[in-house]
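Chemist: Would you mind keeping the following structure in view while I ask a few things?
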Amino acid sequence: MPANPGRWRLSHRCWLSHRCWLSRRSRFGLWRHYCRLSLALSFLSRLPALPGSRYRRQWFDSSACYFPLAGLIIALICLVPALGIAWLWGPGIATLSLLILSGWLTGYFHEDGLADTWDALAGYAPREQALQIMKDSRIGTYGSAALWASLTLRWQLLLLGPWWLLWPLAQASSRLTPLLVMFWLDRASDPSQHKPSAGKPKFNELLLALITVLMLLAIKPLWLLAALVALPCFAWLWSRWLQKRLQGWTGDTLGASQQLSEILLLALWVLL
């Protein structure tokens, strides 16, 4: 029995309240990450917000670190019906259905960025004209050719490997490149004309996305080592080109970087 029971009860009550406060803080931290993942999914696709999630501007600005995980979830959703199609009609139709289902679920978000980027930058338009071309809803010759090349290359490269495994891994890992570009560059357009977009990732957020990608690519160590060299090198070269042409990035150029990174990852798997 303590010498002062009243003091012991007070200390014990304070200790319990402290432990409960830590528990509440931990729950809030997990819920905050859950909300950021929900915002990333809603931004990249047609999927509704996850149950119980909330919107806060600061969470949306820091949601880019969940782009790889969101890409993995989107890819797995598309993979489920594609496996049934493969059982009925074979891998050729199944991989083609993956591209169609993914495009529908994301609203051809990244494909549109690729087409607009190539229309604007494949020629020699000056900076201001290039930014205006990206805002044009019409698609030109350069954009059509780039879109056809992207869809065809991804379709054929998926068929050269275990497409059911390559698809979710490449979809998730390729979303690391836009984060690297955002981390190295500033936006090219006028801030008053920005569309809603995730903010510039901090170093710890970039590290979280990198860890997610490393865990996925570790399924094939040689592929992991090649991707660790190829993705940052491509992101750096892409950033240098954007800095030279546009003095920063736009949403369309980020979508284009995802498409090109996905092709790069698929090609590395086939080569290795």
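Chemist: Would you kindly derive the ³J(HN,Hα) couplings of the range 98-111 from the backbone phi angles with the Karplus curve 6.51 cos²θ - 1.76 cosθ + 1.60 (θ = phi - 60°), listing them in order in whole Hz, with x for Gly and Pro?
Modeler: Couplings: 4, 5, 5, 5, 5, x, 5, 5, 9, x, 6, 4, 6, 4 Hz.
Chemist: So, R0 is 30 Å and r is the distance between the beta-carbons of Lys220 and Gln132; what FRET efficiency does that work out to, to 0.05? Display every interim value, and only then the final one.
Modeler: On the way: r = 43 Å, r/R0 = 1.44.
For R0 = 30 Å, the calculated efficiency reads 0.10.
Chemist: Cross-chain or 8 or more residues apart, Cα under 30 Å: how many lysine pairs in the range 61-271 fit that? Count them up, please. Show your work: numbers first, answer last.
Modeler: Details: Lys135/Lys195; Lys135/Lys200; Lys135/Lys202; Lys135/Lys244; Lys195/Lys244; Lys200/Lys244; Lys202/Lys220; Lys202/Lys244.
Final tally of qualifying lysine pairs is 8.
Chemist: Let me check I have the definition right: for the range 35-148, take the eigenvalues of the Cα gyration tensor, multiply each by 5, take square roots. What are those semi-axes in whole Å, largest first? The partial results should precede the final answer.
Modeler: Numbers: eigenvalues 162, 120, 16 Å².
Those come to 28, 24, 9 Å.
Chemist: Sum -39500 (n - 2.57) across every DSSP H segment of at least 4 residues in the chain, then divide by the residue count to get the 222 nm mean residue ellipticity, nearest 500.
Modeler: Working: 12 runs with 206 residues, N = 272.
The helix-only estimate for the chain comes to -25500 deg cm²/dmol at 222 nm.
Chemist: Going toward the positive end of the dipole of the chain, with +1 on Lys and Arg Cβ and -1 on Asp and Glu Cβ, which of Ser257, Ala218, Leu166 do you reach last?
Modeler: Final value for the positive-end residue is Ala218.
Chemist: Using just the alpha carbons, could you tell me how many Å³ per residue the convex hull of the range 196-261 encloses?
Modeler: Considering the Cα atoms of the range 196-261, their hull volume per residue is 103 Å³.
Chemist: Let me ask something else. Quick one: what are the phi-derived ³J(HN,Hα) couplings along the range 38-52, Karplus 6.51/-1.76/1.60 with θ = phi - 60°, whole Hz, x for glycine and proline?
Modeler: For the range 38-52, the Karplus-derived couplings read 4, 5, 5, 5, 5, 6, 8, 8, 8, 5, x, 4, 5, x, x Hz, x marking Gly and Pro.
Chemist: Hey, could you grab the Kirkwood Rh for the range 103-171? Inverse mean 1/r over distinct alpha carbon pairs, Å, one decimal.
Modeler: Working: mean 1/r = 0.0752 Å⁻¹.
13.3 Å is the Kirkwood radius here.
Chemist: Which of the three applies to the range 41-106, rounded, prolate or oblate, going by the alpha-carbon gyration tensor with a ≥ b ≥ c and a/c under 1.5 meaning rounded?
Modeler: On the way: a/c = 3.41, a/b = 2.84, b/c = 1.20.
In terms of gyration-tensor shape, prolate.
Chemist: Starting from the amide H of Arg187, placed 1.01 Å from N in the peptide plane, find each other amide H under 5 Å away whose residue is 5 or more places distant or on another chain.
Modeler: Under 5 Å from the amide H of Arg187 lie the amide H atoms of Trp249, each far enough along the sequence or on another chain.
Chemist: What's the Cα-based Rg to Rh of the range 115-272, Rh via Kirkwood? Before the final figure, lay out the partial values.
Modeler: On the way: Rg = 16.0 Å, Rh = 16.4 Å.
In the range 115-272, Rg relative to Rh is 0.98.
Chemist: On to the next question. Per-residue counts of other Cβ atoms within 10 Å, averaged by peptide: what ranking do you get for 113-119, 227-233, highest first? It would help to have the intermediate numbers written out before the result.
Modeler: On the way: 113-119: 25.4, 227-233: 16.1.
Going by the mean number of other Cβ atoms within 10 Å, highest first, we get 113-119, 227-233.
Chemist: Listing Val80, Val213 from the residue with the fewest other Cβ atoms within 10 Å to the one with the most, what is the order? Write down the numbers at each step before the final one.
Modeler: Details: Val80 9, Val213 26.
With the sparsest Cβ surroundings first, the list reads Val80, Val213.
Chemist: Could you tell me the extents of the chain's C-alpha atoms along the three principal axes, largest first, rounded to whole Å?
Modeler: 86, 50, 34 Å, listed from the longest principal axis down.
No lab work stands behind these numbers, since they all come straight from the coordinates. Note that the structure is predicted; figures quoted are calculated from it, not measured. Ideal geometry is used to build each Cβ from the backbone, glycine not excepted, and the neighbour counts take in all protein chains shown.
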